[in-house]
Amino acid sequence: MSMASPESVVILDGNLRSALAATRSLGARGIRVLVGDERADTLAGASRYCAERLRDPSLTRPAPFVRWIAEETARRGVRVVLPMSEVTTRLLLEYRSDLPAVTVPFGSFDSFQILNDKATLGDLARRLGIRTPRTRPVRSRAELAA
């Protein structure tokens, strides 16, 4: 997917090291970085490349979180949002249709689900003839003992 360089970007999960790395990398290239997280003080938010800190609502309630993303990006003219955790990536991909003016530079929600589920991914790899480590799924405590 080819994408023109954005003027500004929102990076979520600001307390993760990946968010700090992305903030530094994009900021050093002249992109205005806004860092979002539930907490006010974060690793990425402390970076000199963080232009603005955004305090997002709890991820436990998806609708308000997605609405907040839509409102904050529209208010600031931001077109790209980079989620840094599995949880925020899942939410933004699942509710992508509620964010028509925002680019989330990832594949489809269905692809994410497949890639994120080790058993499903392993099954797909085997069907495609890709070698995988021998795997024995454990679905209960009783199976664990066996």
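The values are calculated or read from the model by the stated rules, or taken from the named source; none is laboratory data. All of these numbers come straight from a predicted model, not from anything done at the bench. All Cβ positions, glycine included, derive from the backbone under ideal geometry; neighbour counts span all protein chains shown. Only protein heavy atoms, including side chains, enter the accessible area calculation; ligands, DNA and RNA are left aside. Shrake-Rupley method; radii C 1.70, N 1.55, O 1.52, S 1.80 Å.
Rounded to the nearest 10 degrees, the inclination of helix 62-76 to the longest alpha-carbon principal axis of the chain is 30 degrees.
Principal axis extents of the Cα atoms in the chain, from largest to smallest and rounded to whole angstrom, are 54, 34, 29. Taking label points 7 Å from Cα along the Cα-to-Cβ direction, E86 and R17 give a separation of 1.8 nm.
Between V66, V35, V87, the GNM of the chain built on Cα springs shorter than 10 angstrom shows V87 fluctuating the most. The spread of Cα positions in region 36-96, taken along each principal axis and listed from longest to shortest, comes to 32, 23, 16 Å.
Ligands, DNA and RNA left out, the accessible area of region 27-146 computed with a 1.4 Å probe is 51% carbon and sulfur.
Helical content of the chain, expressed as a calculated mean residue ellipticity at 222 nm, amounts to -12000 deg cm²/dmol (DSSP H runs of 4 or more residues, -39,500 (n - 2.57) each, divided by residue number, nearest 500). Using the Karplus relation 6.51 cos²θ - 1.76 cosθ + 1.60 with θ = phi - 60°, the per-residue 3J(HN,Hα) values for region 79-92 come to 10, 10, 10, 10, x, 10, 10, 4, 5, 6, 5, 4, 4, 5 Hz, with x marking Gly and Pro.
Residue-wise HN-Hα couplings along region 37-54, as the Karplus relation 6.51 cos²θ - 1.76 cosθ + 1.60 with θ = phi - 60° gives them from phi, are 6, 5, 8, 6, 9, 9, 4, 5, x, 7, 5, 5, 8, 7, 7, 7, 9, 10 Hz; Gly and Pro carry x.
For the chain, a Gaussian network of Cα nodes joined below 10 Å ranks P133, P64, P100 by mean-square fluctuation, and the top entry is P133. For the peptides 117-127, 18-28, residues were scored by their other Cβ atoms within 10 Å and the scores averaged per peptide; the highest-first order is 18-28, 117-127. Rounded to the nearest 0.05, the FRET efficiency derived from the C-beta distance between A142 and E7 at R0 = 35 Å is 0.05. Here the gap between T135 and E52, fully extended at 0.36 nm per residue and compared with their Cα-Cα distance, gives a gain of 25.4 nm.
Per residue, the solvent-accessible area of region 99-146 (1.4 Å probe, heavy atoms of protein chains only, all protein chains present) comes to 87 Å².
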